[in-house]
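Report on the following structure.
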Amino acid sequence: MERISDVPESAGRPARANDYDSFAEAYSAENENNLLNAYYERPAMLALAGDVAGRRILDAGCGSGPLSAALRDRGAEVTGIDGSAGMLELARRRLGDEAALHLVDLRDRLPFDDGTFDDAVASLVLHYLQDWGPTLAELRRVLRPGGRLIASLDHPFGAYVYRDPRPDYFATTSYTQDWELGGRSVPMRFWRKPLHAMTDAFTAAGFRISAISEPQPDPAARELFPDDFHDLMTKTCFVFFVVEVPPTAASPEV
């Protein structure tokens, strides 16, 4: 049984959960240099991606483009998609008018041919979806044989123990957090799954799991965020997956 907390009201109407268009500027500013994103999640994603020079990468849920920019700076050819027009406008400001950016809902069919990309990254995106099946199937379709999906999301243990304690770890349930952005509270709705449900979803979509990672923050954050650094070093927050499209007989693994 899912629990959805009360959400704040704005102008007499309930705020809509996950409405990034309504707080794009504030979220982008917060995301730019904070502990969780700038010194923990993005460095971990980049480390897992490794050498991306010359690789065609789909940034699925690119937001305002900080990960796209970092991948491009490392020599990748990046295409970004996001369901928020407001976030894509910020991404275009960051990446330039020639950047390949598309307004796409990740629950829909992706506007790309089969095997278009060498890699896809999904940075803190999948936990917004109740059913990963259609999204993962589409991501697999647009990846070439041997291509990788690198994904970060809320750690299943942390989502049950710290953010909204629940008695049944094995249930797939939703919960809502209120984020403070730009001087106001905005509701964010997430779906949490046990670890085995995550791995099952990847394999059911035809991926092969290459790595499951629980990294720690950049040591440079110790001096910048002394009050929060210890907690992030000692408690689970996000979990990271690298999953691969199995090579075909025509494209043997090397």
Among Phe202, Met233, Ala100, the residue whose Cα sits farthest towards the positive end of the charge dipole of the chain, when +1 is placed on the Cβ of each Lys and Arg and -1 on the Cβ of each Asp and Glu, is Phe202
Note, segment 112-121: 3J(HN,Hα) by Karplus (6.51, -1.76, 1.60, θ = phi - 60°), whole Hz, Gly/Pro = x, goes 9, 6, 4, x, 5, 10, 7, 9, 10, 10
For His102, the residues 5 or more places away or on another chain with a placed amide H closer than 5 Å to its own amide H are Gly80, Ile81, Asp82
Farthest towards the positive end of the dipole of segment 119-254, among Thr172, Gly158, Ala220 and with Cβ unit charges of +1 on Lys and Arg and -1 on Asp and Glu, lies the Cα of Thr172
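In debye, nearest 20: dipole of segment 21-85 around its Cα centre with unit charges on the Cβ of K, R (+) and D, E (-)?
320
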Where a ≥ b ≥ c are root eigenvalues of the Cα gyration tensor, a/c under 1.5 meaning rounded, otherwise prolate if a/b exceeds b/c and oblate otherwise, the chain counts as rounded
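Determine the order of Arg92, Arg148, Arg109 by accessible area, beginning with the largest, at a probe radius of 1.4 Å.
From most accessible down to least: Arg109, Arg92, Arg148.
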Note on segment 82-193: alpha-carbon gyration tensor, axes a ≥ b ≥ c; rule is a/c under 1.5 for rounded, else prolate if a/b larger than b/c, else oblate; result oblate
Helix-only [θ] at 222 nm, the chain, -39500 (n - 2.57) per DSSP H run of 4+, per residue, nearest 500, equals -7500 deg cm²/dmol
Computed over segment 9-167, protein heavy atoms only, probe 1.4 angstrom, the accessible area per residue in square angstrom equals 44
Heavy-atom accessible area of the chain with neighbours in place, 1.4 angstrom probe: carbon+sulfur share in percent works out to 49
Sorted by chain and then number, the residues having a modelled amide H within less than 5 Å of the amide H of Phe238, at least 5 places away or on another chain, are His155
Along segment 101-107, Karplus-curve 3J(HN,Hα) (6.51, -1.76, 1.60; θ = phi - 60°) to the nearest Hz, with x for Gly and Pro, reads 10, 9, 7, 9, 7, 5, 7
Note: His230 to Arg184 extended length (0.36 nm per residue) minus current alpha-carbon separation gives 13.8 nm
The size of the Cβ-based charge dipole (Lys, Arg +1; Asp, Glu -1) of the chain about the Cα centre, to the nearest 20 debye, is 440
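The values are calculated or read from the model by the stated rules, or taken from the named source; none is laboratory data. These numbers were taken from a predicted model, which means no experiment stands behind them. Note that we place each Cβ from the backbone using ideal geometry, even for glycine, and neighbour counts take in every protein chain shown. For the accessible areas, the whole protein counts, side chains as well, though only heavy atoms, and no ligand, DNA or RNA atoms are used. Shrake-Rupley method; radii C 1.70, N 1.55, O 1.52, S 1.80 Å.
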